[in-house]
Structure formats: structure tokens, C-alpha cells
Amino acid sequence: MSKYLKTVDSEWFRQRLTVVMLCVSMAALVLVVRLIFLQIVKGQEYRRMSLNNSIRLQSIDAPRGLIYDRHGNLLVDNRPSFDLYISLKDARPVEETLGRLAMHASLPQDELVERVAGVRGAAYYRPQLLKRDIGRDALAVVASRRYDMPGIDFQIQQLRNYINSGLAAHLLGYIGEINTKELQQDVYADSRPGDLVGKFGIEKSLESYLRGERGGRQVEVNANGQVVRVLQTVPARSGQNVYLTIDRRLQQRAEALLQDQAGAVVALDPNSGEVLALASSPAFDQNDFITGLSRDKWNALINNPLRPLNNKAIQGEYPPASTYKIINAMAGLQEGVITENDIIFCPGHYRFGNRSYRCWRRGGHGSVDLNKALAESCDVYFYQVGQRLGIDRLAWYAKAAGLGAKTGIELDHEGRGLVPTADWKQKRFGIAWQPGETLSVAIGQGFNLATPLQMAAFTAAVANGGVRYRPTLVKRVVSGEGDEILDNTPRVVGRLPVSAANLALVKKGLWEVVQGERGTARIARLKGTDISGKTGTAQVVGREKLEESEGGATVRKYMDHAWFVAYAPSEAPLIAIAVIVEHGEHGSSAAAPVARELVKTYLEGAPSDPVVAADAGDLGHG
């Protein structure tokens, strides 16, 4: 019996021992697996986290490249910005730290909390941007109370500075904080949350040149996350400097002439396509966008009926009005439906079908040849030329002149305009083209739409003898060391489809517009310099509706837009200009004086007397 009990106890002990050994083996296996996970799988991350307790890597943003005008005048540079950061690992308890920061530095706590909400993972150990450009007073407070606010630090970065606030705002554009969508794009592959990137204008289109390359530093920090010493630094590399084609003085003059009006000015070098000035009015202050617009400022901009955020020079699409008569004249001569000496009688209206189409001069122009038709902008003459050509031949010449297509300038959101055809109307509205609609198109009304940039580029081609250049804003790009990165040469995109002899006849009429005794733009004359051009008055509503509204409070919004396109000097052009003044009523009185002052500024080097609007009745409608 005793022997049997000993055998049972021994068996029971062995079973218990086996169970214990299995448990110990399993525990050991778990420990080994865990060690493998910690040391091999997660080893690099925890090693970095351990080092991060005392050694940190800090990013150094690259200063953006500078922007100059064609003469080397500085337009955009950088200034020091004191930016506030938080290291969440060191700032615990975070909410308490942010509360003290908000109290001491007079910053909104809810905005600070929002900036760090959702930060997880490795980002928890990297400094997070709290507030950009806090100013010297707030900086002094933060610096004096750093030991009360662990994890709070500041960095001195380079912030964009638009030297002449509002100057060339639509052209230069502005920068802003990168958003989530942009971070997913390849062009921003090396960017991080909080980075400032180009959002609009040249700042955006030349982002790859202006951005530069990020640097970094290795620093030793104390228990509060504050830097004790810098161990190593890799300097950032500045962005490349951009020289634009614009003339700062001409740009300033253009914007001054458009002040308190809605409209646009584009001035080009007709011999290269270089943009000398590109102004849209009203404008905005680009510096407001850098650190973020307040809600009130943003609402004021987007609710302004004059649309200050819209670049009217390239986005504004308007009926070209009588400036389109240049195309009509070219097409009529080239197609042989008129000659220089053909006479058309203008009694003040033209009867077509069951409708009478008015000329702007109610009493008529009498007997009119090509030269007089252009000089005095006779509608009846061009009604009949357009009728003889037909809509599709007119459209072909308009498209060959660059209308109805983007010019390719280095700016986003350029408008295409519209060149109507019979096929276009059928597809768009499901209705056949009516012959009477051709008459409206022939004088630049109807479905016609063009941008000021398109009209300036077309005028430049007329001025230089028929060569169409792509408008460009970039003259050259230079590295910080002075090496030439890009030298922009003129790019020919086509020719006007008209012979030299026929173009000369058209240019003779354009000279008469300004220099002739009865030209519609006599106010644009400039002593010592001949100017050639064409006025235009683009209808906003039909004449009947305008006449019904006269005397009412809303009459302004029904007034016609004023056009003037010009080049000078007439014999050897150096500048081509397109001016549009929204609701300016008459190109002769509202737009032509603006062009005259710009020609004077550019050719003579100084502005003349203030612009004085002429009596439209004296000069003509255009």
C-alpha cells in the first residue's frame, strides 16, 4: 500500500511539474517574442525616442527667393518672423501649459488647442507650430516665462514681405499655409504641415523655383524640452530669385489710374510679348494672407461687389465691342469683300430683315470708307462688312488673332473668352444661327467675349506687323549664387492672317482714331508721340433696358464697359496697351486717357497732369 501511494505521488508530481514547465516555457517564449518585437521590430523607433529625451532634430525653413522687376527693383523679400512652437511630449499637462501661454501672451486659447488637436505618433515628439509671427512683445513675455511653460519654444524664421502693399497683388499673388490636399501632391513632396507655399499668382506658378531647400539642426535639450546647445547645423538653401518683365513704375501708375474703379490694364512690349504692367482693380494687400486673414477681412473681400480677388486682366471676360472692328476690317480686306476705297453710306441705322440696327451716332456718318469707318467707329459700315463675311469667316480670323483661347501666361485661372460660330450655337443651345446675330458679332457685341490680356496681345501683334508672341511675366531666374537658371526668350505662337499691305491699311485707320480730326480717341493724343488705337463701348444690357433705367438708383450697374486698345509710337511701337473700365460708359472718355498716361510714363519717364475725362459727346462713342 505504501509503495502504491509513493508511485501515485510521484506521477502526480511529474504531471504538475510538466504543467509548470509548460507555463514557464510559454512565459519565456512570450518574453523572447516581446524582446524580438521591441529590439528588432520597434528598435529603431524606441532608440529614436530614447535619444529624443536629450537630442532633438529641428527643421530650418528655407528663405524663399526674392522677386524683382525688369530693372532690378525689389518687389518681394523676406523679414524675420518669431514663430511659437510646442513639443507635446514636454508640455504635459498640455491643456494647462496652453492655458498659461494664452494668459501670458494674450493669445486665444481655443486656437492654440485647435492647432495641436489630433497630433499622434511620431509627430508627438516633434515641435508643432502654434502661432506664426507673434511679434516682439509677445516674444518677450514667452522668453521671460519659459520655465513656467515647459515644451514651449520659439524659432526665428523668414516670412514673406510684399514691400509695396497691394502693388501687383494679382500678378505676384501671395503665400499661405499648406493644406491637406496640397500635402498629397507630388510637387509638395518635401513639405510638412505648417509650411508656407505659394497660393496664387507668380508665388504659386514659380513655387518650384522660389521654395528653396530645407535645412536642419541637431540640438541638446533639458528636461523641459528647452534647447541647451546646438550640436550640428545643416544650413537651409535659399530659393532662386525671379526677375519679372514688369516695370514697377509703370505698374504703380497703372494702378493709380484705376484707383476707385473696377477694371484692368495690360501693357506689353510688342516686340517680345513681355508684360510691362498687369493691373486689376480693386486689389488687396497680400501681406494680410501670410499669417491668415481675420473673418471680417475675408468676408469684406468676398462680399465686395467689385470683386477684388478676381484678376480682371486675365479672368475678366467682356464683349470686345468696337475694338473687334480691327478684326472685322482685316478679314474684310483679306477676303476681298471690301477695298480701301469702297464707300458705304451710313444714315444712322442699317435695315436688315425686319429689324433696324442702329449706329452709335444717331444722325449717321454719311459716306464712309475704311479709314473713316475705323477713325469714327461707324457701326453701319462694319455691320455690312460682317454680313458679307458671315459668322464662320469672322470667327476664323478672330481665332487666328488669338481670341477664344488662353494665351499661356504664367498665371492660373486664365479665361478663354468666346468666339461664337454657327456650330457652337447649335451645340450650346440647340438653335440654328440667325443672320442678324452676325451683325452684333461684327461690332464686338453678341456672344463675343475677350479678356484684356487677349486684346493686349492682339494689339501688340497689329503693332509689330503681325507677329503673335506668347505673353510672359518671367524675364529670368537666378540662383542665390548668381547663376542663371532660366533665361526666358520670346516665343512666337503665330501670325495674324493678313498681308502686310492690308495690315498697313488697318494701321492707318488706327492712327486716325487718335491723330485724326474726327477720331474717337483724340483725347489720347500725346505731344511729341503719335499713338494709334481703337475705342470700344461694350454693352452690359440692351439699349432699351438702359433707357428704361435712366434716372433710377441702379443705373450704374447697367452702364456700358469702356475699352481702349493702343500702341505707341505709331511708326516704331515700344508698348501696346489694353484698358477696360467696368461701367465706364465710353472708351473715348474713360479708357483712352488711362492709356495716354501710361504711354507717357513709359516713354517719357514721368507722369503727366492728372487724367481729365473728356465729354463723350465730343469725342465719340466707339
For the range 174-190, give me the residue count where each residue is more than 21 Å from Ile202 (Cβ to Cβ) and under 19 Å from the mean Cα position of the chain (by Cα). 0
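Which of the helices (runs of 4 or more DSSP H) found entirely inside the range 212-325 contain at least 2 residues meeting this: in contact with a Cys (Cβ under 6 Å, 6 or more places away or on another chain) and buried (at least 17 other Cβ atoms within 10 Å of the Cβ)?
none
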Matching residues in the range 253-290 - criterion: being among the β-branched types (Val, Ile, Thr) and in contact with a Gly (Cβ under 9 Å, 6 or more places away or on another chain): Ile290
What residue, among those in the range 190-202 that are buried (at least 20 other Cβ atoms within 10 Å of the Cβ) and without any contact (Cβ under 8 Å) to a residue 60 or more places away in the chain, is farthest from Leu278 (Cα to Cα)? Val197
Does the range 481-502 hold any residues that are of a type outside the set (Lys, Arg), within 34 Å of the chain's Cα centre (by Cα) and under 23 Å from Leu403 (Cβ atoms), and which are they? Pro490, Val492, Val493, Gly494, Leu496, Pro497, Val498
Being in contact (Cβ under 8 Å) with a residue 24 or more places away in the chain, closer than 12 Å to Gly273 by Cα and of a type outside the set (Lys, Arg), is that true of even one residue in the range 475-486? no
If Glu517 satisfies every condition in (1) surrounded by fewer than 22 Cβ atoms within 10 Å (Cβ to Cβ); (2) within 24 Å of Thr339 (Cα to Cα); (3) at pLDDT 95 or above; (4) not β-branched (Val, Ile, Thr) but one, which is the exception? (3)
Would you mention how many residues in the range 151-169 are modelled with pLDDT of 80 or more and in a loop (DSSP other than H, G, I, E, B)? 6
State the number of residues belonging to the range 566-583 that are of a type outside the set (Gly, Ala, Ser), within 25 Å of the chain's Cα centre (by Cα) and assigned to a strand (DSSP E or B). 5
From the set of residues in the range 200-257 that are modelled with pLDDT under 95 and polar (S, T, N, Q), which is farthest from Ala169 (Cα to Cα)? Asn222
Would you check which residues across the range 135-147 are closer than 23 Å to Val219 by Cα and either surrounded by 12 or more Cβ atoms within 10 Å (Cβ to Cβ) or of a type in the set (A, V, I, L, M, F, W, C) (or both) and list them? Leu139, Ala140, Val142, Ala143, Arg145, Arg146
Going through the range 371-383 in order, the residues found to be part of a helix (DSSP H, G or I) and buried (at least 24 other Cβ atoms within 10 Å of the Cβ) are Ala373, Leu374, Ala375, Glu376, Asp379, Val380, Tyr381, Phe382, Tyr383
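So that you can scan it fast, the table gives a plain yes or no per residue for (1) at pLDDT 75 or above; (2) assigned to a loop (DSSP other than H, G, I, E, B); (3) of a type in the set (Lys, Arg):
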{"position": "Ala27", "(1), (2), (3)": "yes, no, no"}
{"position": "Leu31", "(1), (2), (3)": "yes, no, no"}
{"position": "Leu38", "(1), (2), (3)": "no, no, no"}
{"position": "Arg47", "(1), (2), (3)": "no, no, yes"}
{"position": "Asn78", "(1), (2), (3)": "yes, no, no"}
{"position": "Phe82", "(1), (2), (3)": "yes, no, no"}
Output for Cβ contacts, cut-off 9 Å, separation at least six or different chains, first residue assigned by TED's automatic domain parsing to the domain that holds Val197 in the range 64-76, second in a loop (DSSP other than H, G, I, E, B) and hydroxyl-bearing (Ser, Thr, Tyr), reads Arg64/Ser238; Gly65/Ser238; Gly65/Ser479; Leu66/Ser238; Asp69/Thr245; Arg70/Thr245
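Among Gly408, Gly363, which is the only one that is in contact with a Gly (Cβ under 8 Å, 6 or more places away or on another chain), part of a loop (DSSP other than H, G, I, E, B) and of a type outside the set (Lys, Arg)? Walk me through how you get there before you give the answer.
Values: Gly408 fails: in contact with a Gly (Cβ under 8 Å, 6 or more places away or on another chain).
Just a single option satisfies the conditions, and that option is Gly363.
Scan the range 87-95 and give yes if some residue there is part of a strand (DSSP E or B), buried (at least 18 other Cβ atoms within 10 Å of the Cβ) and touching a Lys or Arg at 6+ places or on another chain (Cβ under 9 Å), otherwise no.
Among the residues of the range 87-95, not one is part of a strand (DSSP E or B), buried (at least 18 other Cβ atoms within 10 Å of the Cβ) and touching a Lys or Arg at 6+ places or on another chain (Cβ under 9 Å), which makes the answer no.
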Name the strands (runs of 3 or more DSSP E) wholly within the range 462-548 that hold at least 3 residues that are under 30 Å from Leu206 (Cα atoms)? 467-469, 474-478, 484-487, 492-495
Examine the range 459-477 for a residue that is within 28 Å of Val599 (Cβ to Cβ) and at pLDDT below 95, and state whether such a residue exists. no
Out of everything in the range 344-371 that is among the polar types (S, T, N, Q) and at pLDDT 95 or above, what residue ends up being nearest to the chain's Cα centre (by Cα)? Asn371
What number goes with the only condition from (1) out of contact with any Lys or Arg (no Cβ under 7 Å at 6 or more places or on another chain); (2) touching a residue at least 60 places away in the same chain (Cβ under 8 Å); (3) under 16 Å from Ile338 (Cβ atoms); (4) surrounded by fewer than 24 Cβ atoms within 10 Å (Cβ to Cβ) that Leu394 does not pass? (4)
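The values are calculated or read from the model by the stated rules, or taken from the named source; none is laboratory data. No experiment lies behind these values; they were computed from the predicted model shown. Neighbour counts are summed over all protein chains in view; Cβ atoms, including those assigned to glycine, are modelled from backbone coordinates with ideal geometry.
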